[in-house]
Amino acid sequence: MRAVSSFDVMVKPRGAMCNLACEYCYYLPKEKLYPDGSFWMDDALLDTFTRQYIEAQDAPQVTFAWQGGEPLLMGLDFFRRAVELQERYRKPGMTISNALQTNGTLLDDDWCHFLKERCFLVGISIDGPREQHDAYRVDRGGKPTFERVMAGVEMLKKGGVQFNTLTCVHAANGDHPLAVYRFLRDRVGSSYMQFIPVVVHDTGPGRRGGDPVTRHSVRARQYGEFLKAIFDEWVRRDVGKVFVQTFDAALASWAGQSPGLCVYAETCGTAPVLEHNGDLYSCDHFVDPDHLLGNIAQTGIGTLARSERQRRFGLAKRDSLPQYCCECPVLFACNGGCPRNRFLRTPTGEPGLNYLCAGYRDFFTHVIPYMRSMVEELSAGRPAANIMLTMARKDAELQQRLAKARRNDPCPCGSGRKFKHCHGRR
């Protein structure tokens with residue numbers, strides 16, 4: 001892995017400041033890194049960042065990704081200045097886009113008018129229907145936020161703002177995959193979805209039953225089953241209409257391309273994080289003193305992002321894999337997952353196994369025939385969505401075999417169980 005030529009910075013202009021206090025949030029505690037901080041990116045730093053970021057890019061398109069905390073706490077004037085600076089420093093022929101991740105509770109007509117006018121892509125954080133969303137996504141007073149988030153969604157729709165959804169998968173919604181997916185698809189109207197597993201390593205002495213993760217965290221196989229259930233519905237009716245980030249990444253891997261998502265990439269390090277005061281860190285999940293690359297007020301952002309230290313950070317993802325992972329038949333699809341979750345030991349005692357390994361293995365094994373079929377369609381110049389026709393035919397054939405099965409026959413679905421203990425129970 002050579003030093004990266006282009007990179008994407010995740011900008012946190014208000015640091016960890018947020019008007020919500022989601023119980024599983026891993027970023028809220030980061031405010032302790034700056035006990036005397038203002039948690040406010042001033043105009044001088046915004047100017048410095050915008051100029052440096054654009055100058056450092058070799059690509060014809062540059063994306064500014066605004067996150068937090070809650071970036072809308074900066075106010076509209078900050079973002080008006082941001083787009084003005086982008087236009088001032090934009091190179092000839094360069095296209096600049098903006099993406100903003102928000103909890104949606106602060107959106108109003110003025111915000112939506114600006115976001116629409118400036119073509120921002122908005123990511124809305126929502127964890128599913130009311131019961132699953134409100135389980136952990138609460139405000140600083142402990143009150144539920146579902147109604148306020150949905151009001152924000154409706155504002156975006158009314159204003160014609162392009163948006164997608166980011167759903168954290170945790171203990172409260174992990175057993176309700178289809179309810180979550182159908183809600184996002186049919187009620188929210190999301191056609192681009194991210195499902196991010198909540199895994200918070202718990203090293204405290206009082207952890208429940210010796211479990212290595214907090215009570216909010218999704219369990220490994222639970223996450224695998226969650227993805228499988230959604231995939232089975234998606235592959236039958238929504239291919240080409242709904243885009244699920246993990247499924248897109250998997251298809252790219254089967255097609256021999258980059259997954260386009262750092263979690264599943266062989267190496268990482270191309271998405272550093274900029275804090276409100278100009279400190280640049282290796283990754284959103286490694287905002288700590290050990291991974292502080294420097295401050296852009298002293299050293300250019302391009303120099304820091306392409307430093308040898310950051311290069312080694314990116315390579316470590318691949319080079320630290322245990323042998324157990326290297327021998328896995330679906331390694332090419334998961335590449336060991338995010339290094340932050342590699343706190344288990346393999347069956348032979350090697351350190352560095354991802355907590356979600358069992359779920360990853362289940363999911364990526366499950367999708368093998370479907371991925372191969374979609375790759376065949378794409379290779380022949382046909383749409384991947386053709387798989388839905390194949391699935392409809394196979395499902396119809398299965399229903400015919402099920403109709404003829406007797407109670408003690410092997411189930412025609414191929415589960416290995418008797419019909420009466422499988423599809424015959426339904």
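The values are calculated or read from the model by the stated rules, or taken from the named source; none is laboratory data. The shown structure was predicted, so the numbers you read here are calculated from the model rather than taken from an experiment. Please note: Cβ atoms are built from the backbone with ideal geometry, for glycine as well, and neighbour counts cover all protein chains shown. Surface areas here come from the heavy atoms of the whole protein model, side chains and all, with no ligands, DNA or RNA. Shrake-Rupley method; radii C 1.70, N 1.55, O 1.52, S 1.80 Å.
A few notes on this one:
- Condition check for TYR370: under 27 Å from the mean Cα position of the chain (by Cα), under 21 Å from PHE243 (Cβ atoms) and not hydrophobic (A, V, I, L, M, F, W, C): yes
- Condition check for GLY294: more than 21 Å from the chain's Cα centre (by Cα) and either at pLDDT 95 or above or open to solvent by less than 70 Å² (accessible area, probe 1.4 Å) (or both): yes
- Residue ID - surrounded by the fewest Cβ atoms within 10 Å (Cβ to Cβ), chosen from residues in the range 30-48 that are of a type outside the set (A, V, I, L, M), over 10 Å from ASN277 (Cβ atoms) and more than 26 Å from the chain's Cα centre (by Cα): ASP36
- Any hit, the range 267-279, residues being over 22 Å from the mean Cα position of the chain (by Cα), free of Cβ contacts under 8 Å to residues at least 60 places away in the same chain and surrounded by 18 or more Cβ atoms within 10 Å (Cβ to Cβ): yes
- Failed item in (1) buried (at least 17 other Cβ atoms within 10 Å of the Cβ); (2) within 30 Å of ASP47 (Cα to Cα); (3) hydroxyl-bearing (Ser, Thr, Tyr), with THR299 passing the rest: (1)
- Residue within the range 15-26 that is out of contact with any Phe, Trp or Tyr (no Cβ under 9 Å at 6 or more places or on another chain), in a helix (DSSP H, G or I), surrounded by fewer than 18 Cβ atoms within 10 Å (Cβ to Cβ) and hydrophobic (A, V, I, L, M, F, W, C) present: no
- Of the residues making up the range 165-181, those that are open to solvent by less than 10 Å² (accessible area, probe 1.4 Å) and either of a type in the set (S, T, N, Q) or in a helix (DSSP H, G or I) (or both) are THR165, THR167, ASN173, VAL180, TYR181.
- For the range 110-119, the criterion of a residue being surrounded by fewer than 20 Cβ atoms within 10 Å (Cβ to Cβ) and in contact with a His (Cβ under 9 Å, 6 or more places away or on another chain) is satisfied by no position.
- Close Cβ contacts (under 8 Å, 6 or more residues apart or on different chains) running from residues in the range 121-143 that are of a type in the set (S, T, N, Q) to residues that are open to solvent by less than 40 Å² (accessible area, probe 1.4 Å) and assigned to a loop (DSSP other than H, G, I, E, B) comprise SER125/ASN103; SER125/GLY104; SER125/ARG137; GLN132/ALA172; GLN132/ASN173.
- Restricting attention to the range 343-356 and to residues that are under 17 Å from the mean Cα position of the chain (by Cα) and not aliphatic (A, V, I, L, M), the residue that is farthest from HIS201 (Cα to Cα) turns out to be ASN354.
- Every residue from the range 232-262 that is assigned to a helix (DSSP H, G or I) and open to solvent by less than 40 Å² (accessible area, probe 1.4 Å): GLU233, TRP234, VAL235, GLN245, THR246, PHE247, ALA249, ALA250, LEU251, ALA252, SER253
- Selected residue [open to solvent by 100 Å² or more (accessible area, probe 1.4 Å) and out of contact with any Asp or Glu (no Cβ under 9 Å at 6 or more places or on another chain)] from LEU389, LEU378: LEU389
- Screening CYS326 on (1) surrounded by fewer than 22 Cβ atoms within 10 Å (Cβ to Cβ); (2) farther than 26 Å from VAL62 by Cα; (3) under 23 Å from the mean Cα position of the chain (by Cα); (4) not acidic (Asp, Glu) shows it passes everything except condition (3).
- Evaluation of LEU72 against the conditions (1) surrounded by fewer than 19 Cβ atoms within 10 Å (Cβ to Cβ); (2) assigned to a helix (DSSP H, G or I) shows that the sole unmet condition is (1).
- Filter result for the condition that a residue is modelled with pLDDT of 95 or more, among the aromatic types (Phe, Trp, Tyr) and over 18 Å from HIS291 (Cβ atoms), over PHE343, PHE313, PHE332: PHE332
- Restricting attention to the range 400-416, the residues being under 36 Å from the mean Cα position of the chain (by Cα) and either surrounded by 14 or more Cβ atoms within 10 Å (Cβ to Cβ) or of a type in the set (S, T, N, Q) (or both) number 2.
- Filter pass, PHE226 being in contact with a strand residue (DSSP E or B) (Cβ under 7 Å, 6 or more places away or on another chain), buried (at least 23 other Cβ atoms within 10 Å of the Cβ), closer than 30 Å to ARG182 by Cα and touching a residue at least 12 places away in the same chain (Cβ under 8 Å): yes
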